[in-house]
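Quick notes on the structure that follows.
The values are calculated or read from the model by the stated rules, or taken from the named source; none is laboratory data. Note that this is a predicted model, so its numbers are computed, not measured. Glycine gets a Cβ as well: all are built from the backbone with ideal geometry, and neighbour counts include every protein chain shown. In case anyone asks, the SASA skips ligands and DNA or RNA and just uses the protein heavy atoms, side chains included. Shrake-Rupley method; radii C 1.70, N 1.55, O 1.52, S 1.80 Å.
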Amino acid sequence: MKLMICGKGGSGKSTIAALLAKTSVETGNSVLVVDTDESNFGLHRQLGLELPPDFINYFGGKNVVLEKIMAAAPDYESVSFFDKDWQIADIPSEYYSEKNGIKLIAIGKIHDVGEGCACTMGVLAKEFIGKLKLNSDELVLVDTEAGIEHFGRAVEQDVDAILMVIDPSYESMKLAEKVLELSSTLEKPVYYILNKVDENNEQFMRESISNQEMIIATIPTKASLSVTGLKGDEITADGCEIESMNGLLMEISDNS
Ligand SMILES: Nc1ncnc2c1ncn2[C@@H]1O[C@H](COP(=O)(O)OP(=O)(O)OP(=O)(O)O)[C@@H](O)[C@H]1O
Ligand SMILES: [Mg+2]
């Protein structure tokens with residue numbers, strides 16, 4: 001199963017990607033986390049892994065990828081970097097880091113001033129996700145950059161479902177409406193995770209979502225998660241979180 005995690009900046013996407021990865025390996029799955037966020041450098045630390053080298057370098061680096069994309073203009077859809085389908089086992093070992101059944105790849109990060117836009121990474125991420133063929137015990141979690149730019153590139157075209165993380169903010173609720181609209185165009189189910197909830201905001205958040213039956217988890221504001229996030233430490237899920245994440249994965253898997 002391939003799941004894409006999206007939401008507003010700081011809503012908890014990477015935290016939830018790490019919690020899901022850790023929960024899923026505990027139930028016997030192999031997990032590949034795909035970091036498609038070109039700006040942030042926290043996910044590998046939340047997973048307790050080294051940051052792997054940019055996967056885009058395997059294809060010659062950003063400039064080579066960009067030249068290939070530009071050469072295909074205006075038929076950008078014809079650009080291809082993979083000559084065959086891949087399995088997780090085909091990812092060259094120097095491009096992932098791994099611990100306890102979780103592998104992490106990072107499509108590419110912005111490292112230097114003036115190095116160009118992130119479109120190259122989006123194009124590569126989209127094709128990679130599409131070309132990746134999974135065994136039944138493999139889970140792919142795609143952690144995205146904030147917002148909906150990835151929808152503009154249709155990076156989610158080949159995922160099985162979209163997990164939208166919603167924190168208690170007006171922007172998150174508005175984004176949830178937009179993501180629902182975009183996901184229905186792509187014919188992808190969108191599930192909601194309400195994060196950082198408390199007794200003052202949960203009801204309002206629930207009532208703001210038009211299809212409430214798709215809310216599959218709520219995670220309270222937790223001091224432990226907040227401190228871990230502040231320090232850049234590895235996340236360790238407690239019993240509550242594991243139960244919540246496991247239920248979420250089972251529900252999506254039963255419906256897909
Ligand atoms: N349930 C929670 N309780 C307390 N703190 C949380 C919770 N969920 C996330 N956080 C904290 O909120 C901050 C943002 O979380 P995270 O980095 O996962 O968000 P993100 O959506 O991936 O952000 P970005 O858009 O920048 O990638 C982190 O410091 C994290 O520890
Ligand atoms: Mg993040």
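Backbone N atoms of the stretch 34-72 closer than 11 Å to the 7 Å Cα→Cβ label point of L134 belong to residues 34.
Counted over the stretch 2-255, the DSSP beta bridges are approximately 10% antiparallel.
Here the chain is assigned +1 on the Cβ of each Lys and Arg and -1 on the Cβ of each Asp and Glu. Its dipole about the Cα centre then comes out at about 260 debye. With unit charges on the beta carbon (Lys/Arg positive, Asp/Glu negative), name the residue among M245, L230, N211 whose Cα is farthest towards the positive pole of the charge dipole of the chain. Of the candidates, L230 comes out farthest on the positive side.
Ignoring ligands, DNA and RNA, what percent of the 1.4 Å accessible area of the stretch 44-191 is carbon and sulfur? Here it works out to 50 percent.
Under the convention that each Lys and Arg Cβ holds +1 and each Asp and Glu Cβ holds -1, the size of the dipole of the stretch 68-112 around its Cα centre is about 200 debye. Of the Cα atoms belonging to the chain, the radius of gyration and Dmax stand at 17.6, 55 Å. Legend: calculated FRET efficiency, N201 to I69, from the Cβ-Cβ distance at R0 = 45 Å, rounded to 0.05, equals 0.60. Across T144, T120, T221, mean-square fluctuation computed from a Gaussian network of the chain (C-alpha pairs under 10 Å connected) peaks at T221. Comparing G61, G147, G28 in a Gaussian network model of the chain where C-alpha atoms under 10 Å apart are linked, the largest mean-square fluctuation is found at G28. 3J(HN,Hα) along the stretch 60-71, derived from phi through the Karplus expression 6.51 cos²θ - 1.76 cosθ + 1.60 where θ = phi - 60°, amounts to x, x, 4, 5, 5, 5, 5, 4, 5, 5, 5, 5 Hz, with x in place of Gly and Pro. Would you give the gap between the C-alpha center of the stretch 159-192 and the C-alpha center of the stretch 19-90, rounded to a whole Å? That distance is 22 Å.
Take every pair of alpha-carbon atoms less than 8 Å apart whose residues are at least six positions apart; their mean separation over the length of the chain yields a relative contact order of 31 percent. Restriction of the chymotrypsin sites (Phe, Trp or Tyr not before Pro) in the stretch 37-104 to DSSP coil positions whose beta-carbon has at most 12 other beta-carbons within 10 angstrom yields F41. Which of S208, S244, S136 ends up with the largest GNM mean-square fluctuation for the chain, with Cα atoms connected below 10 Å? The residue with the greatest mean-square fluctuation here is S136. The GluC sites (Glu not before Pro) of the stretch 138-216 meeting both criteria, a DSSP state outside H, G, I, E and B (loop) and at most 12 other C-beta atoms within 10 angstrom of the site's C-beta, are E187, E199. Multiplying the residue separation of S80 and E94 by 0.36 nm and removing their Cα-Cα distance gives an extension gain of 2.9 nm.
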